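Student: I have a structure here, written as structure tokens, and I will follow up with some questions on it.
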2 protein chains.
Amino acid sequence: MTQDPLVIFTPSGKRGRVPAGTPVLTAARQLGVDLDSVCGGRGICSKCQVAPSFGDFPKHGVTVAETALSPWNEVEARYDRVRGLKQGRRLGCQAQIRGDVVIDVPPESQVHRQVVRKAASAKPITMDPATRLLMVEVEEPDMHEPSGDFERLRAALKDQWGIEAVTAGLPVLRKLQPALRKGEWKVSVALYQPVHTEEFRILDIWSGLHEGGLFGLAIDLGSTTIAAHLTDLTDGRVLASAGVMNPQIRFGEDLMSRVSYAMMNPGGDVEMTRAVREAIDRLAVEIAAEGGVDPGLIVEVVFVMNPVMHHLLLGIDPVELGQAPFALATSSAMTLDARDLDLTSLNPQAQTYILPCIAGHVGADAAGVALAEEPDKSEDLVLVVDVGTNAEILLGNRERVLACSSPTGPAFEGAQISSGQRAAPGAIERVEIDPATKEPRFRVIGSDLWSDDPGFAEATKATGITGICGSGIIEAVAEMRMAGLLDPSGLIGSAEQTGTARCEPTGRTHAYLLHDGTAEGGPRITVTQGDIRAIQLAKSALYAGARLLMDQLGVDRVDRVVLAGAFGAHISPKHAMVLGMIPDAPLAKVTSAGNAAGHGARIALCNRAARARIEETVRRIHKVETAVEPRFQEHFVAANAIPHASDPFPDLASVVTLPDVHFGASGGGGEGRRRRRG
Amino acid sequence: MTQDPLVIFTPSGKRGRVPAGTPVLTAARQLGVDLDSVCGGRGICSKCQVAPSFGDFPKHGVTVAETALSPWNEVEARYDRVRGLKQGRRLGCQAQIRGDVVIDVPPESQVHRQVVRKAASAKPITMDPATRLLMVEVEEPDMHEPSGDFERLRAALKDQWGIEAVTAGLPVLRKLQPALRKGEWKVSVALYQPVHTEEFRILDIWSGLHEGGLFGLAIDLGSTTIAAHLTDLTDGRVLASAGVMNPQIRFGEDLMSRVSYAMMNPGGDVEMTRAVREAIDRLAVEIAAEGGVDPGLIVEVVFVMNPVMHHLLLGIDPVELGQAPFALATSSAMTLDARDLDLTSLNPQAQTYILPCIAGHVGADAAGVALAEEPDKSEDLVLVVDVGTNAEILLGNRERVLACSSPTGPAFEGAQISSGQRAAPGAIERVEIDPATKEPRFRVIGSDLWSDDPGFAEATKATGITGICGSGIIEAVAEMRMAGLLDPSGLIGSAEQTGTARCEPTGRTHAYLLHDGTAEGGPRITVTQGDIRAIQLAKSALYAGARLLMDQLGVDRVDRVVLAGAFGAHISPKHAMVLGMIPDAPLAKVTSAGNAAGHGARIALCNRAARARIEETVRRIHKVETAVEPRFQEHFVAANAIPHASDPFPDLASVVTLPDVHFGASGGGGEGRRRRRG
């Protein structure tokens, strides 16, 4: 047999003939197979484990005269003794190909392995992080050919990994000489390649093989909450997730009050910047502790956030964002040293990537949603709504994507609601009202039981029933409408008109009693006329934004709707549509994406190419400014009814029938509109 | 006349025809003429002043029907009223070409003007700084086509100056929005382009036209002294020069004692780094005050220094430089943010450039010397010696350049000399001894009079006569040899042997009394046998280094010798050769270059291309390590005599005749060598 052995790699299917005696790792590299290695084939890191799956293989400890792979060698035997090698596995750098063979590369041995999300609808992330761990062996210095240690490290990276154009900052140069000598001229480096460059930067260095891992943070910096995910940069696993309140709340609940604070108080922006940076740094330390990770091993941070938070994090006065024409200081994606943001607890050379902003009202958070949901790759026309104090709205398909922001206000988050509260244990989150008896039942966060289930009182004893959160108030309003307690204009009927004593008079209007906890020392939870008005304003703004984009695109139907945002995950599509929050769509086509902005941050953290991709996508997204579009005001006014007159809602009609009740000559919506305009 | 007018620019001689009505600045740009402009032709900056020198010109206030240039316009008239325009000058952006014309671009209107050095031998520096001031007019934001202010600034730089790939750090982004609005969308930017890149970085931004200038520091960071030159980056003028003691002296006089300090004291290197960085920052503030410049307008700093200072400035433990194989952490040139070196008083975005090191003993200071003296461009074989505690030696021509460092010790700087002192007022710097009478005369720093001139006592009253500095001891030793007070082995004769009572016995040897100031309460200044030995050791090391390079190159003569270094400037070539410090060369071919290392720093500061050039030169310089060359020891031993036996010194013989005296059976040199080896 004079022909070279044939090797076939699975799952890639890549194949080729290599000279007998070629190590599997070498063959994989030659054939472009995605097989990991940190130590560069020195039998140290064990990242290149493979599973020969077809051929004639040597067994451990058994010598077979004629086999497709070389017998187990001492390196593999020692590794197996010390750490244990899974049944059927070989080290790719040690096993040599001797005959025709099929070799499987298990997912954990692939550099570009895929990370599957928990949410069923979600697409997997392909690992391709900007920072990788590599081990190299550096030549010792020679007095007769003097060269710097760093220059020889650079030469080693080129020779052993084909990597050129490498730089290093002072913190790394400071560690370099002791690390090289302690590691007997073998060192591991965390090698980072910023997006759009051919250059690499060494972020850290360790003697020998660094086994402590490399980590990143994906941060969704919201006006109210800062949420972070600690991610293993080698395999994409989320080791810990944590959220803290944005401490800027003390300067103003919503974004515009923070902009006002900056305008009214000289140095106010600096104060807010300091507060948020300190909170993020503290959060990083906490989440690292929770994940059992040294915060010094966090080498990358990716941020998504709205434009005002974007400027306040960067230390830019957000005053221009508070007035037309809402000019951003910069809209481009940014790569910064983490220490420029005072994130001093991370690795001293840690890098941050900030997703691009789309417009003055449509921030990097919307870019994160676009990266996660990819409306620009959708075959059908998709409406993506990220519900928050400002709703970011994306509409489009692979042809064209439009974006806008709509000022929904904080009602959807439970604020400005009489019994409203943030989504926390004890908050009513689901509501049903019997159309016949007009009696409610509900669920509170912290228990899976309904209020009329046996054991409910016991189950909610610890938390109590403290108020109603955003998803709860939406369901309550929609259920009130379906039960005939509310007319299309949003007016709550009296006890006489509705036939239930739960509709109580409060001044000149009525309120619906959802729960009376006074006997147990708890609150009376009602839905007041004012609550209905607040929700009407919010949903009208959301709907008007979506309609405006539909006008611009010249469509009056969308194929599907994605509700994003932590809050979006908890909204019932049916209730959202009864309320008229979103345009009509088949109910089965209204899905929830969870925290899509945060997921976009995770994608950008784990996949360097995604950074270039979202930057390009954002450039192509067409921005629509709601604040100056007369059509937005028209849609807003027309959308006040529940559901509103401007949309036929045929899909909704197939699911629910809304009672034809009318409790007054005029709706209170006019009042609300006037308030808003003022 | 249908042909377009012909325009000829002087001094470049560039010429071409342009359509009638073309502004002179536009014509200059089209023809590739070096005509400055900061405001981009808006008649604001006046940098584009030209002097029409041949043609038919309009006079100010006089209308001429047919002229080669358009009449004075309102912009020029206003400029002349407010600031005054020199006779015969026009603003290049305002004056339009109407007929054939010769236009002179005066030096101050050239971007790449040449800066002439004070030293007669020195080559001029061509201005081409890495940082330039440019003014742009930025488009106002448009809500319907939202884009960031920075993105529109970038577009303006591209449209108006053809500059692409521009980035800006947070301090600039912070100032951007107010600057644009205050300047009514016109801003000036300090645009920096690092060496080797196509990218630009905005270091600072100002509303409207910035008239405060841009400045740089060239710093020669010596073991003993830190010297800085404050330079105007637009025209290369040195506005102020200042020097301070290196505060690291308290950790060790010479470099090796500082390395020892770092080895013996944990954290000692950090302490020394902090000390030197603080001193530099303070020096920057002082020199800015002296130059009448806001330190915040200092945007660039260029450093030259020896390898130990290099590491200590960068915060790298220099321990490896204290032991073979003398490995540098990094030898490459470096571009760093000034704040990474804690230079916090400068512009927050100020950039530093550090010249490359040649080897573990041959630092960025030697690279500075190579940049200033350009041995690699020399037709004849040149020996460049930078004399200091370590002498850096370069030998070569355009074919090949060798470099080494030689441990001369501090004797040449007046240290370890019995009456030695640093070069300061009151120090004896020149010495002559009458060969007949053996009587000395001398000069001290601070006065031009010789000690036997009338009025000398009066002139030196303020300073006194306090000791002898490096150049003084060299002259004293050489003069003693020429006057027959010293034999070739370096032994001082007795009063009997020499015939002068100034040769006094001190223990088993003799000393020569140079000056007795005891009557006035001053010191007795003598040259002792120990002083002679110290100078012999130093000069032997220097000579051996030069000879080693000559061996490597296979030559036994050099065409010329350049003495560099602050000290080198004060050495008399004749005395240096009598002493045998340098190999024999025609006396007329031994010149002084002043502080060549510091001048190299100034060149790199003013000319970006010089940075790439010296990096390339350093790569091609062949390094020779004296510490491990047996030939170095041989040359060192053989070079002990004054002048030494291993060199015939024919050129010297034509200038001086050395008396054939012998005062003892053996020279004391053996003692010195033993001491050194121990």
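Student: With the requirement that a residue be under 19 Å from B:PRO171 (Cα atoms) and either more than 14 Å from every other protein chain (Cβ to nearest Cβ) or open to solvent by 10 Å² or more (accessible area, probe 1.4 Å) (or both), what does region A:352-375 give you?
Tutor: Within region A:352-375, just A:TYR353 meets the criteria.
Student: Another one. Of the residues B:ASP337, B:ASP269, which is out of contact with any helix residue (DSSP H, G or I) (no Cβ under 9 Å at 6 or more places or on another chain) and within 14 Å of chain A (Cβ to nearest Cβ)?
Tutor: B:ASP337
Student: Among the residues of region B:441-454, are any over 28 Å from the mean Cα position of the chain (by Cα) and surrounded by 23 or more Cβ atoms within 10 Å (Cβ to Cβ)?
Tutor: yes
Student: Another question about this same structure. I'd like the full set of residues that are in contact (Cβ under 8 Å) with a residue 40 or more places away in the chain, in a strand (DSSP E or B) and aliphatic (A, V, I, L, M), limited to region B:560-594.
Tutor: B:VAL561, B:VAL562, B:LEU563, B:ALA564, B:ALA593
Student: Ok, one more. Could you check, for region A:114-133, whether at least one of its residues is at pLDDT below 95, out of contact with any Ser or Thr (no Cβ under 6 Å at 6 or more places or on another chain) and either on the phi > 0 side of the Ramachandran plot or within 14 Å of another protein chain (Cβ to nearest Cβ) (or both)?
Tutor: Looking for residues that are at pLDDT below 95, out of contact with any Ser or Thr (no Cβ under 6 Å at 6 or more places or on another chain) and either on the phi > 0 side of the Ramachandran plot or within 14 Å of another protein chain (Cβ to nearest Cβ) (or both), one finds none in region A:114-133, hence no.
Student: Something else now. Restrict the check to region B:328-336 and report whether at least one residue is more than 21 Å from A:PRO141 (Cα to Cα) and surrounded by fewer than 24 Cβ atoms within 10 Å (Cβ to Cβ).
Tutor: yes
Student: Looking at region A:531-538, is at least one residue in a loop (DSSP other than H, G, I, E, B) and either more than 26 Å from A:THR408 (Cβ to Cβ) or within 33 Å of the chain's Cα centre (by Cα) (or both)?
Tutor: No.
Student: Restricting region A:483-505 to residues that are of a type in the set (A, V, I, L, M, F, W, C) and buried (at least 21 other Cβ atoms within 10 Å of the Cβ), which is farthest from A:ILE417 (Cα to Cα)?
Tutor: The extreme case among them is A:ALA483.
Student: Mind checking which residues of region B:69-101 are buried (at least 16 other Cβ atoms within 10 Å of the Cβ), without any contact (Cβ under 8 Å) to a residue 40 or more places away in the chain and touching a Pro at 6+ places or on another chain (Cβ under 9 Å)?
Tutor: Hits for region B:69-101 are B:PRO71, B:TRP72.
Student: Is there any pair linking a residue in region B:618-640 that is at the interface with chain A (Cβ under 10 Å from one of its Cβ atoms) to one that is in a helix (DSSP H, G or I) and of a type in the set (S, T, N, Q), with Cβ under 7 Å and at least six apart or on different chains, and which?
Tutor: Close Cβ pairs (under 7 Å, with a partner that is in a helix (DSSP H, G or I) and of a type in the set (S, T, N, Q)) amount to B:VAL624/B:GLN552.
Student: Moving to a separate point now. May I ask you to list the residues in region B:300-331 that are within 12 Å of another protein chain (Cβ to nearest Cβ), in a loop (DSSP other than H, G, I, E, B) and either among the aromatic types (Phe, Trp, Tyr) or within 15 Å of B:ALA364 (Cα to Cα) (or both)?
Tutor: Hits for region B:300-331 are B:PHE326, B:ALA327, B:LEU328, B:ALA329, B:THR330, B:SER331.
Yes/no per residue for (1) charged (D, E, K, R); (2) without any contact (Cβ under 8 Å) to a residue 12 or more places away in the chain:
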site	(1), (2)
B:ILE249	no, no
B:GLY252	no, yes
B:LEU255	no, no
B:ARG258	yes, no
B:ASN265	no, yes
B:GLU271	yes, no
B:ALA275	no, no
B:ALA279	no, no
B:GLU286	yes, no
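Student: Residues that are touching a Gly at 6+ places or on another chain (Cβ under 8 Å), surrounded by fewer than 23 Cβ atoms within 10 Å (Cβ to Cβ) and among the acidic types (Asp, Glu): does region B:337-351 have at least one?
Tutor: Yes, some residue in region B:337-351 is touching a Gly at 6+ places or on another chain (Cβ under 8 Å), surrounded by fewer than 23 Cβ atoms within 10 Å (Cβ to Cβ) and among the acidic types (Asp, Glu).
Student: Report, by residue number, each residue of region B:205-222 that is closer than 17 Å to B:CYS45 by Cβ and open to solvent by less than 10 Å² (accessible area, probe 1.4 Å).
Tutor: The answer is B:ILE205, B:LEU214.
Student: Please go through (1) buried (at least 16 other Cβ atoms within 10 Å of the Cβ); (2) touching a Ser or Thr at 6+ places or on another chain (Cβ under 7 Å); (3) farther than 28 Å from A:ALA609 by Cβ for A:TRP185 and return the number of the only condition it doesn't satisfy.
Tutor: (2) is the only condition that A:TRP185 fails.
Student: Which residue, of B:VAL302, B:VAL270, B:VAL285, B:VAL293, is assigned by TED's automatic domain parsing to the domain that holds B:ALA190, open to solvent by 10 Å² or more (accessible area, probe 1.4 Å), among the β-branched types (Val, Ile, Thr) and in contact with a strand residue (DSSP E or B) (Cβ under 6 Å, 6 or more places away or on another chain)?
Tutor: The conditions single out B:VAL293.
Student: Let me ask another. Answer yes or no: is there a residue in region A:595-608 that is within 14 Å of another protein chain (Cβ to nearest Cβ), open to solvent by 10 Å² or more (accessible area, probe 1.4 Å) and modelled with pLDDT under 90.
Tutor: No, every residue in region A:595-608 fails to be within 14 Å of another protein chain (Cβ to nearest Cβ), open to solvent by 10 Å² or more (accessible area, probe 1.4 Å) and modelled with pLDDT under 90.
Student: Follow-up question, since we're still on this one. How about region B:457-482: which of its residues are over 26 Å from B:GLY522 (Cα atoms) and open to solvent by less than 30 Å² (accessible area, probe 1.4 Å)?
Tutor: If the condition is that a residue be over 26 Å from B:GLY522 (Cα atoms) and open to solvent by less than 30 Å² (accessible area, probe 1.4 Å), then B:ARG481 is the only one that fits.
Student: Follow-up question, since we're still on this one. Out of A:LEU542, A:LEU553, A:LEU513, A:LEU549, report the one residue that is without any contact (Cβ under 8 Å) to a residue 60 or more places away in the chain and closer than 28 Å to A:GLY388 by Cα.
Tutor: Criteria check complete, one pass: A:LEU513.
Student: Now, a different point. Check B:VAL166, B:VAL195 and return the single one that is assigned by TED's automatic domain parsing to the domain that holds B:ASN347, in contact with a helix residue (DSSP H, G or I) (Cβ under 7 Å, 6 or more places away or on another chain), surrounded by fewer than 24 Cβ atoms within 10 Å (Cβ to Cβ) and farther than 26 Å from B:ASP281 by Cβ.
Tutor: B:VAL166
The values are calculated or read from the model by the stated rules, or taken from the named source; none is laboratory data. Everything numeric in this text was worked out from a predicted model, so none of it was measured. Virtual Cβ from ideal backbone geometry, glycine too; neighbours counted across all protein chains shown. In case anyone asks, the SASA skips ligands and DNA or RNA and just uses the protein heavy atoms, side chains included. Shrake-Rupley method; radii C 1.70, N 1.55, O 1.52, S 1.80 Å.
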